[in-house]
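Engineer: One structure coming up, written as structure tokens, with questions to follow.
Just so it is clear, none of the values below were taken in a lab; they were calculated from the coordinates. Just so it is clear, the structure is predicted and the values come from calculations on it, not from any experiment. Cβ: placed from backbone, ideal geometry, glycine included. Neighbour counts: every protein chain shown.
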Amino acid sequence: MEDPTLDITAFQQHLLSWYESERRDLPWRRTKEPYKIWVSEVMLQQTRVDTVIPYYERFIEAFPTSESFAYANEELVLKMWEGLGYYSRVKNLQKGVREVVESYGGQVPSTRKDISKLKGVGPYTAGAVLSIAYGLPEHAVDGNVMRVLARILLIDEDIQLPRTRKTFEQAVDRLISKEDPSSFNQGLMELGALICKPQRPQCLLCPVQEHCIAYAQGKETQLPVKSKKTKTRRETWQVLVVQDERGRILIQKRPNEGLLASLWSFPLQEQTSPQPIQPVVEHMVTKNVTNGEFLVQLKATQPMQPVKHVFSHVTWLLNPILIQVETLPTDWKEPFALLSIEEAKQRAFGVPFQKIIQQLED
């Protein structure tokens, strides 16, 4: 529970002073443009800072303004995001930015009520943009902030439960610096990233150690309380890597909904009971080309290196098999395409399929 004796002014001063001297020089900290800060916050969700930096820089170079991003080609947008994962986020980001352009003249709203109406903007993103870009004293509670405040204030509520977020939002509202809310919120996040780490908090280096109830009681490693996640299910897929004698490969665009939505992949079949390759390829070809029946001449089949990929709720075990054929039609219907490997690499693929393409190049 919270400590009513906490010296809020001293806590703010110690945190802000530390952040001013120790903060990392990150590209999105060199701007106050709401659009660019919004982009960075979406990228940073469940992704390491070091990973995000080159993505952010390339993205902003390609789409420097909200107007340039709002109506950008989706294929290009997904390619720019390729490897960051959680592709629905960039789709929602583009929809939200389009709303800003169409309804707010390209200016990101500066109130929580309005910004929260935008597609894909939740309480954290709203607070981050409002406090960092506009200097408003709005809470921005992410995992780092919950971990830090759980220890500082000895909050023993389960941070996995949605209702618990309200407790931390109220705590930030009580503690936040009205003079410099941007640095305060970023300071809490930075403290969680650099000092108040999940497993081994570096309490002796902490600038707000004297305010921390958990440290005083020797409970810093017991917090935050976090219930265990349920086990992810496993799915096994056979991946059909069909390649003709000219080295072109057959790829397939995934549906607009679901895992890796709108990205490209190879044709898949769930491997509950593997089917003979020849009939499967025959069916795929004759069904998806416009010139009618086509007899596929298989030259060879060869198992490739299996690929494992862990999503938040499911683990994929992919068993790719290289299927070499003499020739294939060129007139394919959507969602298929027959391309050289170099041409295929210009499309946006999910990470597991990028690994399969890499095997083809090795």
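Engineer: Go through the stretch 320-335 residue by residue and turn each phi into a ³J(HN,Hα) via Karplus (6.51, -1.76, 1.60, θ = phi - 60°); whole Hz please, and just put x for glycine and proline.
Structural biologist: For the stretch 320-335, the Karplus curve yields x, 10, 7, 10, 8, 10, 6, 7, 9, x, 9, 8, 9, 7, 4, x Hz.
Engineer: 5 Å is the cut-off here: which amide hydrogens, built 1.01 Å from N in the peptide plane, fall below it relative to Gln243, excluding neighbours closer than 5 in sequence?
Structural biologist: Here the answer is Ile323, Gln324, Val325, since their amide H atoms fall under 5 Å of that of Gln243.
Engineer: Straight-line reach from Lys231: which lysines fall under 23 Å, measuring Cα to Cα and dropping same-chain residues less than 8 apart?
Structural biologist: Hits, sequence-local ones excluded: Lys308.
Engineer: Determine, for Met284, Met146, the number of other Cβ atoms within 10 Å of each Cβ, and report the residues in order from fewest to most. Write down the numbers at each step before the final one.
Structural biologist: Values: Met284 18, Met146 25.
Exposure proxy ranking, most exposed first: Met284, Met146.
Engineer: Classify the stretch 90-191 as rounded, prolate or oblate, taking a ≥ b ≥ c as the square roots of the eigenvalues of its Cα gyration tensor: rounded when a/c is under 1.5, otherwise prolate if a/b is larger than b/c and oblate if not.
Structural biologist: It comes out prolate by the Cα gyration axes.
Engineer: Could you tell me the extents of the stretch 143-214's C-alpha atoms along the three principal axes, largest first, rounded to whole Å?
Structural biologist: So the extents along the principal axes, rounded to whole Å, are 32, 31, 19.
Engineer: Note the listed values (1) 80, 48, 33; (2) 68, 55, 35; (3) 75, 43, 39, then indicate which one is Cα extents along the principal axes in Å calculated from this particular structure.
Structural biologist: Calculated Cα extents along the principal axes in Å: the matching label is (1).
Engineer: Comparing Val129, Val97, Val281, which has the greatest mean-square fluctuation in the GNM of the chain with Cα pairs linked when under 10 Å apart?
Structural biologist: Answer for the Gaussian network model of the chain: Val281.
Engineer: Taking the highest mean first, how do the peptides 8-14, 353-359 order by number of other beta carbon atoms within 10 angstrom per residue?
Structural biologist: 353-359, 8-14
Engineer: Roughly what percent of Cα-Cα pairs across the stretch 1-98 reach past 24 Å?
Structural biologist: Counting pairs separated by more than 24 Å, the tail of P(r) holds 35 percent.
Engineer: Binned at 5 Å from 0, what are the whole-percent values of the Cα-Cα distance distribution for the stretch 8-222, short to long?
Structural biologist: Distribution as computed: 1, 7, 15, 19, 19, 16, 11, 7, 4, 1, 0 percent.
Engineer: Report the extension gain between Thr236 and Arg29 in nm, rounded to one decimal, defined as 0.36 nm multiplied by the number of residues separating them, less their alpha carbon distance.
Structural biologist: 70.3 nm
Engineer: Moving to a separate point now. Which order do the peptides 177-184, 229-236 come out in when sorted by mean C-beta neighbours inside 10 angstrom, highest first?
Structural biologist: Those peptides, ordered most packed to least, come out 177-184, 229-236.
Engineer: Taking the Cβ of Cys203 as the centre, find all other residues whose Cβ is under 14 Å away and add up their charges (Lys, Arg: +1; Asp, Glu: -1). Provide the component values of the computation, followed by the final result.
Structural biologist: Working: positive: Arg147, Arg151, Lys197, Arg200, Lys219; negative: Glu210, Glu220.
Net charge around Cys203: +3.
Engineer: Evaluate the Kirkwood expression for the hydrodynamic radius of the stretch 233-361, namely the inverse of the mean inverse distance over all pairs of different C-alpha atoms, and round to one decimal in Å.
Structural biologist: Its Kirkwood hydrodynamic radius stands at 15.0 Å.
Engineer: Right, here's the next one. Can you check how the C-alpha radius of gyration of the stretch 186-243 compares to 2.2 N^0.38 Å, as a plain ratio? Display every interim value, and only then the final one.
Structural biologist: Details: Rg = 19.9 Å, N = 58, 2.2 N^0.38 = 10.3 Å.
Rg over 2.2 N^0.38 Å, computed on Cα atoms: 1.94.
Engineer: So for the stretch 182-282, considering every pair of alpha-carbon atoms, how many percent are separated by more than 16 Å?
Structural biologist: For the stretch 182-282, the share of Cα pairs beyond 16 Å comes to 74 percent.
Engineer: Assuming a ≥ b ≥ c are the square roots of the Cα gyration tensor eigenvalues, decide whether the stretch 121-264 counts as rounded (a/c under 1.5), prolate (otherwise, with a/b larger than b/c) or oblate.
Structural biologist: Verdict is prolate for the stretch 121-264.
Engineer: Semi-axes, largest first, in whole Å: what does sqrt of 5 times each Cα gyration tensor eigenvalue give for the stretch 299-362?
Structural biologist: Three semi-axes, in Å: 23, 16, 12.
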